Amino acid sequence: MTTCASPSCTNTTVAKLACPKCIQLGLPPTFFCSQDCFKANYNVHKQIHALAKTIKNSSGDDGITAPLDAPLEQKLAPPEWAHNYSFTGDLRPTRLSPRRAVPASIRKPDYASDSTGRSESEERDKRSGAFIPVYTPDELDAELGLRQVNRMGRQVLDLAGRALKPGVTTDEIDRIVHEACLERDCYPSPLNYYNFPKSLCISVNEVICHGIPDYREIKDGDIVNLDISVYNRGGFHSDLNETYMVGSVDEDGKRLVKTAFDCLAAAMHLVKPGTLYRDLGTVIERTAKSNQCSVVRTYCGHGIGSLFHTTPNIPHYAKNKAKGTMKAGHIFTIEPMINLGSHVDRTWDDNWTSVTKDGQRSAQFEHTILVTDSGYDILTQRENEPIMMWNEELNTRF
């Protein structure tokens, strides 16, 4: 039996009523007898948090990052939020490398220099209830137009995919992507987007999306999603991703990855003027269920172009209430997240990494798509692949 941590309180504690901030800071859990007691004494208790932060800052350790030249032990240490955290699967985070710089010469989106990473243009767009943008031939075909930025995105993803193998760290992939963007006079769209700290999302095994690159090495048997978004000097974004099988992946993992590919391909067959956006989720869920998989419901496809995220919203599950009808000139992503087990997700305490609630694996493929008069054009297509074609070798890395 343990006594409540509040001064002068002699009640016994409740086993699960621990101060979350203490846990986040990596301090030993501090337990209280009730929520009321915790709240009444929090102003006194939080002095412990201030002292812990002062000690950490004086040692040069922010609890999240480690320098590139730090000892391996320091790099592989868990971030402070991960102490005593209850993970759903086997994956564990490490420290992050320091944020990579972007030269002043690169054109940046509005959130790049915002201290909170907020995109005022996106928030203004949401408030206005704007219609789905219809892009013109000039915007598509200009030297720095939408086709160009999507070609750049594809090139960056292909470079990152070629670097993927057992033993490489996800931070090394981030370095490659960051430098490849700058070489193409592009800004890596994820960087500082609502304070996301890296230049791409890397989602391994049970991570559904928004995984943060760190010092963890990729292992034989991992499935790894690389999600690339770039912003060009013309003021346009692109967005695409693929899941790769690294080394010897088991049959369930292979089935999952191919199912995710097939879900995207099946949805794209419906893209043409007159199709309701809500209808895409029906064919995606049918394809997933036929392969004993589930569809994540929390995240959706989205409009993209001059904004990173805009209308339309495209849920990937059946019986959704998405609004809108496809018209020539619409540009959007379809990016179904497919799980081996339950569709339910949970977010780590880094406030970004989304994982499966049951710890089973997840896979995803994404393209940016243009609606044409007669159907669709995959703006982020692989070279000489205007229609998605499954080839296991292209998504296997040794």
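The values are calculated or read from the model by the stated rules, or taken from the named source; none is laboratory data. Quick caveat, the model's predicted, so the values are computed rather than measured. Note: ideal-geometry Cβ built from the backbone for every residue, glycine included; neighbour counts use all protein chains shown. Ligands, DNA and RNA are excluded from the accessible area calculation, which covers all protein heavy atoms including side chains. Shrake-Rupley method; radii C 1.70, N 1.55, O 1.52, S 1.80 Å.
So the values come out like this:
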| item | result |
| --- | --- |
| Amide proton proximity set for Thr169, modelled H, under 5 Å, gap of 5+ | Ile218 |
| Accessible area (Å², per residue) of the chain, counting only protein heavy atoms and a probe of 1.4 Å | 46 Å² |
| Degrees, to the nearest 10: 251-268 long Cα axis against longest axis of the chain | 50 degrees |
| Crossing angle, helix 146-163 versus the chain [Cα axis fit, 0-90 degrees, rounded to tens] | 60 degrees |
| Dipole-positive endmost among Ile218, Gly247, Asn232 within segment 203-298 (Cβ charges, Cα centre) | Asn232 |
| Amide H within-cut-off set for Thr275, under 5 Å, with H built and near neighbours excluded | Met326 |
| Relative contact order computed over the chain (Cα-Cα under 8 Å; 6+ residues apart), in percent | 15 percent |
| Charge dipole (the chain, unit charges on Cβ, about Cα centre) - positive-most of Pro79, Val149, Cys19 | Cys19 |
| In degrees, nearest ten, helix 170-183 long axis to first principal axis of the chain (Cα) | 50 degrees |
| Rg to Rh quotient for the chain, alpha carbon positions, Kirkwood Rh | 1.01 |
| Calculated from backbone phi, Karplus (6.51, -1.76, 1.60) coupling profile of segment 373-386 in Hz, x at Gly/Pro | 4, 10, x, 8, 10, 7, 5, 9, 5, 5, 4, 6, 9, x |
| Carbon and sulfur %, accessible surface of segment 66-129 computed with the full protein complex present, 1.4 Å | 50 percent |
| Qualifying lysines (Cα of each under 30 Å from Cα of Lys323; at least 8 residues distant if same chain) | Lys126, Lys258, Lys272, Lys289, Lys357 |
| Distance from segment 217-286 to segment 150-175 (C-alpha centre basis), Å | 16 Å |
| Estimated [θ] at 222 nm from DSSP helical runs (n ≥ 4, -39500 (n - 2.57)) normalised by residues in the chain, nearest 500 | -8000 deg cm²/dmol |
